[in-house]
Amino acid sequence: MKIMLVGSGGREHALAWKLAQSPLLTELIIAPGSDAMTSLGRCLPVGAEDVDGLLALAQTEQPDLVVIGPEVALAEGLADRLVKSDIAAFGPSAAAAQLEASKAFTKDFCQQHNIPAAKSSNVETYTDACTYLDTLPGPYVLKADGLAAGKGVVITDDLTEAKQAAKEMLAGQFGAASKRLVIEEFLSGEEASLFVLCDGKTAMPLVGAQDHTRAFDGDKGPNTGGMGCYSPAPVLDATMTTRVMRDIIEPTLQGMNQLGSPFCGVLYAGLMIDQGNPKLIEYNVRFGDPECQVLMRRLQSDLLPALLACAHGDLDTLPDLQWDHRPGACVVLAAKGYPGTAPKGSIISGLAKAEQDSHVKIFHAGTKKSPSGEWLANGGRVLNITALGDDLADAVAKCYQAIEHINWPEGFCRSDIGWRAL
Ligand code: AMP
Ligand code: GLY
């Protein structure tokens, strides 16, 4: 079977690594992929956001399935256009991708379908933002409506600061994505993410994970795309997973069907669980990055038939997926400056030594190879150090032991991944 994978980050490196192990795979092409992925598949220079280029590539290559990693191409209708060309796609239509691409859409949707979520208001003017903020007790949570690479959320205790943030966001801090804002009440509790495979009719929960979204230790500093994670998330046990499926996921899938936009792909529910009560913080319509890296480490079954079943609508016939019972962790190495602008091109060494422990696997999120064969930083989030361990503490320790072998003065990582669970 020939598979085309779209994307170039750590998530796609992990998906490519897992797909490459499938006995069903005959050829893997990756658009655009990265230097770290060339040993896993044929990388072709078409950008992950170039929907026209990706469609043309798929029409030429005629893969049996296109697996779409990142959200932007989904929101712009890549899956719709592939399906129209009779090419199977793993990933939702643009209409269903609104669950991630418009937080305002999702808040309205949750209200209509009685899905538990934070009380909120969608606003488009500074006056309306201030009026609503004045009714809230704080801390204040402001979110850009549209896609902002995980960075479009501001949380502050200070009302004046919240109003200033609203002003800046509405003035275009995140471009068109923040012309409309969701302002919502602050939720306390334990966060966790559940990933669910969907084929439009059937939903199959995968395992849970817990991300660390803030840049610095102690969950301080600006929001990022994710600085590390672990799986499973202790708070998301079997009982809680059943509850989330019943109260949040099933009504969502039914509601999307009623809208004529069935969801196909992986639905990622960001949850806040307080005293046993789960609420939806947000939806994403693709695998989490770096959560996917840990999920792929823990998944023992073949990934390929699972993704194919979502695209073909026969997830009900897929045997249960098997997972490694050992916990997994991921620590992200980012370039100093991230989530702001981070310089590229610094040399990274020691990766082979870091990967000598067979429990450790490194996925590349933003690197390239120099002509002389050195690894160079080539992004904000640069490396994902993953490990499986006897318990979570062991998995995390193995990640940090591996990092000690990596020589990259221009990089940084959090030193406390997993601290809430530990
Ligand atoms: P989001 O992009 O909506 O997932 O928000 C990013 C992060 O901000 C989440 O992972 C939470 O840590 C935090 N967050 C978002 N919304 C809320 C909320 N209503 N209350 C508390 N924390 C929140
Ligand atoms: N790690 C958070 C995300 O993928 O959105």
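The values are calculated or read from the model by the stated rules, or taken from the named source; none is laboratory data. All of these numbers come straight from a predicted model, not from anything done at the bench. FYI the Cβ positions are ideal-geometry reconstructions off the backbone, even for glycines, and counts take in every protein chain you see.
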Report task. Mind checking which helices (runs of 4 or more DSSP H) fall wholly inside the range 48-157 and carry at least 1 residues that are of a type in the set (S, T, N, Q) and crowded, with 18+ Cβ neighbours inside 10 Å? Result -> 94-101, 103-112
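Counting only residues that are basic (Lys, Arg) and out of contact with any Gly (no Cβ under 6 Å at 6 or more places or on another chain), which one in the range 1-20 is farthest from ligand 1 (Cβ to nearest atom)?
2
With respect to residue 66, determine if the residue is at pLDDT 95 or above, among the β-branched types (Val, Ile, Thr) and in contact with a helix residue (DSSP H, G or I) (Cβ under 8 Å, 6 or more places away or on another chain).
When the stated conditions are applied, residue 66 passes them.
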**Report entry** Test for residue 215: is it within 15 Å of ligand 2 (Cβ to nearest atom), more than 28 Å from residue 248 (Cα to Cα) and surrounded by fewer than 23 Cβ atoms within 10 Å (Cβ to Cβ)
**Finding:** yes
Query - Unique residue being within 17 Å of residue 124 (Cβ to Cβ) and within 16 Å of ligand 2 (Cβ to nearest atom) when the list is 165, 171, 177 - result: 177
Query raised in the report: In the range 194-214, is there at least one residue being within 19 Å of residue 105 (Cα to Cα) and hydroxyl-bearing (Ser, Thr, Tyr)?
Result: no
Report task. Scan the range 70-87 and report the pairs whose first residue is at positive phi and whose second residue is part of a helix (DSSP H, G or I), with Cβ atoms within less than 8 Å and a gap of 6+ or a chain change. Result -> 77/51; 77/94
Query raised in the report: For the range 265-286, which residues satisfy the criterion of being away from ligand 1 (no atom under 15 Å from the Cβ) and surrounded by 24 or more Cβ atoms within 10 Å (Cβ to Cβ)?
Result: 265, 266
Requested in this report: Taking the options 416, 390, name whichever one is in contact with an Asp or Glu (Cβ under 6 Å, 6 or more places away or on another chain), over 23 Å from residue 37 (Cβ atoms), touching a residue at least 60 places away in the same chain (Cβ under 8 Å) and not hydroxyl-bearing (Ser, Thr, Tyr).
Outcome: 416
Query raised in the report: Within the range 209-231, how many residues turn out to be outside any loop (DSSP other than H, G, I, E, B), more than 15 Å from residue 295 (Cα to Cα) and within 9 Å of ligand 1 (Cβ to nearest atom)?
Result: 2
Requested in this report: Show the residue pairs that are 6+ apart or on different chains and have beta-carbon atoms under 6 Å apart, the first residue being within the range 185-200 and assigned to a loop (DSSP other than H, G, I, E, B), the second being surrounded by 22 or more Cβ atoms within 10 Å (Cβ to Cβ).
Outcome: 200/264
Query raised in the report: How many residues, within the range 183-200, are farther than 18 Å from residue 256 by Cα and away from ligand 2 (no atom under 16 Å from the Cβ)?
Result: 8
Report task. Answer yes or no: is there a residue in the range 368-381 that is of a type in the set (Gly, Ala, Ser), exposed (fewer than 15 other Cβ atoms within 10 Å of the Cβ) and out of contact with any Leu (no Cβ under 9 Å at 6 or more places or on another chain). Result -> yes
**Report entry** Breaking point among (1) surrounded by 15 or more Cβ atoms within 10 Å (Cβ to Cβ); (2) modelled with pLDDT of 95 or more, for residue 161
**Finding:** (1)
Requested in this report: Look at residue 242 and say whether it is of a type in the set (S, T, N, Q), more than 16 Å from ligand 2 (Cβ to nearest atom), buried (at least 23 other Cβ atoms within 10 Å of the Cβ) and at pLDDT 95 or above.
Outcome: no
Report summary line: Residue pairs qualifying under the 8 Å Cβ cut-off, at least six apart or on distinct chains, with the first in the range 400-412 being outside any strand (DSSP E or B) and the second being at pLDDT below 95, are 410/343
Requested in this report: Scan (1) more than 16 Å from ligand 1 (Cβ to nearest atom); (2) under 30 Å from residue 1 (Cβ atoms); (3) buried (at least 17 other Cβ atoms within 10 Å of the Cβ) for the single condition residue 342 breaks and write down its number.
Outcome: (2)
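Residue-by-condition table, conditions (1) within 16 Å of ligand 2 (Cβ to nearest atom); (2) more than 20 Å from the chain's Cα centre (by Cα):
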residue: 88; (1), (2): no, yes
residue: 92; (1), (2): yes, no
residue: 96; (1), (2): no, no
residue: 111; (1), (2): no, yes
residue: 122; (1), (2): no, yes
residue: 128; (1), (2): no, yes
residue: 143; (1), (2): yes, no
residue: 151; (1), (2): yes, no
residue: 157; (1), (2): no, yes
